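Enquirer: Questions regarding the structure given below will be posed in turn.
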Amino acid sequence: MITVALSKGRLFKDFIKFLEARELTDYAQALKEEGRYLFRNVGNVKFIFAKGTDVPTYVEQGIADLGIVGLDIITENRFNVLNVSQLPFGKCRLAIAGPDQQSEKDIRVVATSFTNISQQYFNQQRQDVRLIHLNGSVELAPILGLADAIVDIVQTGSTLKENNLREYHTIMTVQARLIANKQAFYLKETDLYQFMEEIGVV
Ligand code: PRP
């Protein structure tokens, strides 16, 4: 039995589409029935459903053997996991955005869930910016006057558009990654490779 930690949210839906495209209907069907379940067993695989930012923790601690997580999350915080491969879904970007009429160089206060990536970016730009950490709905911050701008995930761009915000600059492109627990990767090599071959990542 192997355990795979999945991020709830948009990556989860993308993973189901990816499984369907590969005609892995047993996995896709079981994941579609996720509901309020915390985990699901399908054959030799136990899927656990976690918040995206917690997926690398479950993998690092050996609770999960594999994890599917956005590159944004494993770049923001360092985890002692194996970064196995890029996956062909979950494509989006981490961008700076703010009110239309404002220029990027006038930004002084930025709200974000990605304070480490943002700090590194503004340091590289030699731009003196104060960061405010928020856990979600970051678009509220410039609208309510908490910050001048945000650094946040943009996928379709519709959240920005609906809130009259404009993307100034892409900081990094993001895609799903397959990560593995370092010990499990060797101890459960056969089972893990079987799953990875099945989903077409090796
Ligand atoms: C993410 C991100 C944006 C939105 C962007 O939020 O934080 O709010 O998606 O997507 P779009 O460009 O397709 O509109 P998510 O729904 O993951 O929740 P969050 O606000 O709690 O981060």
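Enquirer: What is the angle, in °, between the Cα long axis of helix 189-198 and the longest principal axis of the Cα atoms in the chain? Nearest 10 is fine, range 0 to 90.
Expert: Here the helix axis deviates by roughly 70 degrees.
Enquirer: Provide the net charge surrounding LEU82, with neighbours chosen by a C-beta distance below 15 Å and charges set as Lys +1, Arg +1, Asp -1, Glu -1.
Expert: Here the charged neighbours net out to +1.
Enquirer: What do you get when you divide the Cα radius of gyration of region 92-173 by 2.2 N^0.38 Å, with N the number of residues?
Expert: Dividing the Cα radius of gyration by 2.2 N^0.38 Å gives 0.95.
Enquirer: Of all alpha-carbon pairs in the chain, indicate the percentage at a distance above 29 angstrom.
Expert: Summing the P(r) tail past 29 Å for the chain gives 31 percent.
Enquirer: What is the angle, in °, between the Cα long axis of helix 10-21 and the longest principal axis of the Cα atoms in the chain? Nearest 10 is fine, range 0 to 90.
Expert: Approximately 40 degrees, to the nearest ten.
Enquirer: Given region 92-173, what percent of its DSSP beta bridges are antiparallel, to the nearest 5?
Expert: Here the share of antiparallel DSSP bridges comes out near 65 percent.
Enquirer: How many angstrom separate the Cα center of region 15-88 from the Cα center of region 131-201?
Expert: One Cα centre to the other: 14 Å.
Enquirer: For the chain, take the longest principal axis of its alpha carbons; what is the angle in degrees between that and the long axis of helix 115-124, to the nearest 10 within 0 to 90?
Expert: Tilt of helix 115-124: around 50 degrees.
None of the figures in this text is laboratory data; all of them are computed from the coordinates on show. What you see is a predicted model, and the numbers here were worked out from it, not measured in a lab. Note that we place each Cβ from the backbone using ideal geometry, even for glycine, and neighbour counts take in every protein chain shown.
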